[in-house]
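**Student:** Can you keep this structure in mind? I'll have questions shortly.
The values are calculated or read from the model by the stated rules, or taken from the named source; none is laboratory data. In this text the structure is predicted, and so the values were computed from the model without any measurement. Cβ placement follows ideal geometry from the backbone for every residue including glycine, while neighbour counts extend to all protein chains displayed. These accessible areas exclude ligands, DNA and RNA; they are computed on the full protein's heavy atoms, side chains included. Shrake-Rupley method; radii C 1.70, N 1.55, O 1.52, S 1.80 Å.
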Amino acid sequence: MVTSSAPGKVYLFGEHAVVYGEPAVPCAVEQRARVTAERQAAGLSVHTADLTLDGFTVEYSGDATGQPDIDVSDSLVEAAMGYVNEAVEQARDAADTPAAGFEVTIESDIPLGAGLGSSAAVAVAAIDAATRELGVELSREELADRAYRVEHTVQDGQASRADTFCSTMGGAVRVEGEDCRVAEAPELPFVIGYDGGAGDTGALVSEVRDLRSSYDFAADTVGAIGDIVRRGEQALSEGDVSEVGRLMNFNHGLLSALGVSSRSLDAMVWAARDAGALGAKLTGAGGGGCMVALDETPETAAALDYTPGCERSFRAELDTDGVRTEDGKGSGGHT
Ligand code: MEV
């Protein structure tokens, strides 16, 4: 039996635009998905609990391709099972054991579909645990690539490498098309606001794709997000956290123009700005879920707690480990 964990992430800059080849800078945060894989004779059984922070808890037990044995009718659960299915397929392929059976257990601190990269973290941790259970140790690069293929398949070809690369490597990363690298970042005082909801990543990506092909100014907006990311990288390398915050504000405005913000995300963004945050923006696909602000004082978190629509706020530390095994060996097993 092997347990691996992988972190979620926030986007400092560049979500959505990264799907069209613009750069993006996501940062891994210390909210983890833990996946345990154990060989069984055949097939796949999946158990999950706590797939969200404070909201509902999903109890799922059964074949990942069968009917979930749960009383929450939620397409998010189905989607999560799709990621596990594909991740196990990737592990079987990597170990050249197409018929290997698994019992998989998922526990996660990361709310589902809320912009913190829950699906990427589950995919990365599941491939890592299942391949190790089969006696195979993948390089981090191969693990990130296989996790990307999981997202690509489940999201109908609409995924960038950003979430899965970030969850595998940890820290701040920069992704532009196939070019994925670890990035330098100063200490960033992240505060996250969560509205208790979720967005449908596939649908939101499709909506931006349609806008971008229908309107030149939407295509220009996607390009302008790329310009913000390039300026943001410069600010990060100079350790200019105020400028990073200012650019996050711009980035939120452009995401809002592309239609992926929501009333509650906007309310939380404005509450953070009014409380003195250096910057605030939605993170991830949008439509609901989480926003991220930069504030080293307690003011933003306190303001968010009184913001209608905000279910919970919390401070998040940058996670520098990326994927790791949970058997006491730390992350040193990866090459
Ligand atoms: C979702 O976390 C981020 C998006 O840019 C989609 C992707 O990069 O695959 C919206």
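**Student:** Going through Leu76, Leu51 one at a time, which residue ends up being open to solvent by 10 Å² or more (accessible area, probe 1.4 Å), under 16 Å from the mean Cα position of the chain (by Cα) and either under 20 Å from Cys166 (Cα atoms) or modelled with pLDDT under 90 (or both)?
**Tutor:** Exactly one residue qualifies, and that residue is Leu76.
**Student:** Of the residues that make up the stretch 129-138, is at least one at pLDDT 95 or above, open to solvent by less than 30 Å² (accessible area, probe 1.4 Å) and either assigned by TED's automatic domain parsing to the domain that holds Val229 or within 28 Å of Ile225 (Cβ to Cβ) (or both)?
**Tutor:** The answer is no, given that none of the residues of the stretch 129-138 is at pLDDT 95 or above, open to solvent by less than 30 Å² (accessible area, probe 1.4 Å) and either assigned by TED's automatic domain parsing to the domain that holds Val229 or within 28 Å of Ile225 (Cβ to Cβ) (or both).
**Student:** Also, quick follow-up: Take the residues of the stretch 204-215 that are within 11 Å of the ligand (Cβ to nearest atom) and among the hydrophobic types (A, V, I, L, M, F, W, C): which is modelled with the highest pLDDT?
**Tutor:** Selected residue: Val208.
**Student:** Residue pairs, Cβ under 6 Å, 6 or more apart or interchain, first in the stretch 307-319 and more than 16 Å from Val10 (Cβ to Cβ), second surrounded by fewer than 20 Cβ atoms within 10 Å (Cβ to Cβ). List them.
**Tutor:** Thr307/Ala267; Gly309/Ala267; Glu311/Gly196
**Student:** Against the definition (open to solvent by less than 60 Å² (accessible area, probe 1.4 Å), in contact with a Pro (Cβ under 8 Å, 6 or more places away or on another chain) and either outside the structural domain of Leu204 (by TED's automatic domain parsing) or of a type outside the set (A, V, I, L, M) (or both)), how does Asp266 come out, yes or no?
**Tutor:** No; evaluated as a whole, the condition is false for this residue.
**Student:** Related question: Filter the stretch 157-170 down to residues that are open to solvent by 10 Å² or more (accessible area, probe 1.4 Å) and either over 11 Å from Gly322 (Cβ atoms) or assigned to a loop (DSSP other than H, G, I, E, B) (or both) and give me whichever is farthest from the ligand (Cβ to nearest atom).
**Tutor:** Taking the candidates together, the pick is Gly157.
**Student:** Which pairs turn up if I take residues in the stretch 210-223 that are without any contact (Cβ under 8 Å) to a residue 60 or more places away in the chain and over 16 Å from Gly14 (Cβ atoms) and look for partners that are open to solvent by less than 50 Å² (accessible area, probe 1.4 Å) and in a helix (DSSP H, G or I) with beta carbon separation below 6 Å, at least 6 apart in sequence or on another chain?
**Tutor:** Leu211/Ala218
**Student:** Right, another one. Looking at Glu207, Glu176, Glu184 in this structure, which one is in contact with a helix residue (DSSP H, G or I) (Cβ under 7 Å, 6 or more places away or on another chain) and of a type outside the set (Ser, Thr, Tyr)?
**Tutor:** Glu184
**Student:** Outside any helix (DSSP H, G or I) and charged (D, E, K, R): which single residue out of Arg181, Arg246, Arg230, Arg209 fits that description?
**Tutor:** Matching residue, one of Arg181, Arg246, Arg230, Arg209: Arg181.
**Student:** Turning to a different aspect of this structure: Please verify whether Thr153 is of a type outside the set (Asp, Glu), more than 15 Å from the chain's Cα centre (by Cα), in a helix (DSSP H, G or I) and within 24 Å of Ala6 (Cβ to Cβ), treating the condition exactly as stated.
**Tutor:** yes
**Student:** If you go through the stretch 151-175 one residue at a time, how many are modelled with pLDDT of 95 or more and either under 19 Å from Met81 (Cβ atoms) or in contact with a Ser or Thr (Cβ under 7 Å, 6 or more places away or on another chain) (or both)?
**Tutor:** Looking only at that region, the number is 6.
**Student:** Name the residue, out of Ser261, Ser256, Ser242, that is open to solvent by 10 Å² or more (accessible area, probe 1.4 Å), under 16 Å from Ala198 (Cβ atoms) and either assigned by TED's automatic domain parsing to the domain that holds Ala172 or modelled with pLDDT of 95 or more (or both).
**Tutor:** It is Ser261.
**Student:** Among the numbered criteria (1) within 16 Å of the ligand (Cβ to nearest atom); (2) among the small types (Gly, Ala, Ser); (3) surrounded by fewer than 18 Cβ atoms within 10 Å (Cβ to Cβ); (4) over 30 Å from Gly82 (Cα atoms), which single criterion is violated by Gly232?
**Tutor:** (3)
**Student:** Shifting gears a bit: Let me spell it out: the conditions are (1) without any contact (Cβ under 8 Å) to a residue 60 or more places away in the chain; (2) away from the ligand (no atom under 11 Å from the Cβ); (3) under 22 Å from Phe13 (Cβ atoms), and Ala147 meets all of them except one. Which number is the exception?
**Tutor:** Condition not satisfied by Ala147: (1).
**Student:** Can you tell me which residue within the stretch 276-294, out of those that are surrounded by 24 or more Cβ atoms within 10 Å (Cβ to Cβ) and more than 25 Å from Ala159 (Cα to Cα), is nearest to the ligand (Cβ to nearest atom)?
**Tutor:** Looking at residues that are surrounded by 24 or more Cβ atoms within 10 Å (Cβ to Cβ) and more than 25 Å from Ala159 (Cα to Cα), I get Gly279.
**Student:** Looking only at the stretch 13-51, how many residues end up being assigned to a strand (DSSP E or B) and acidic (Asp, Glu)?
**Tutor:** Matching residues across the stretch 13-51 total 2.
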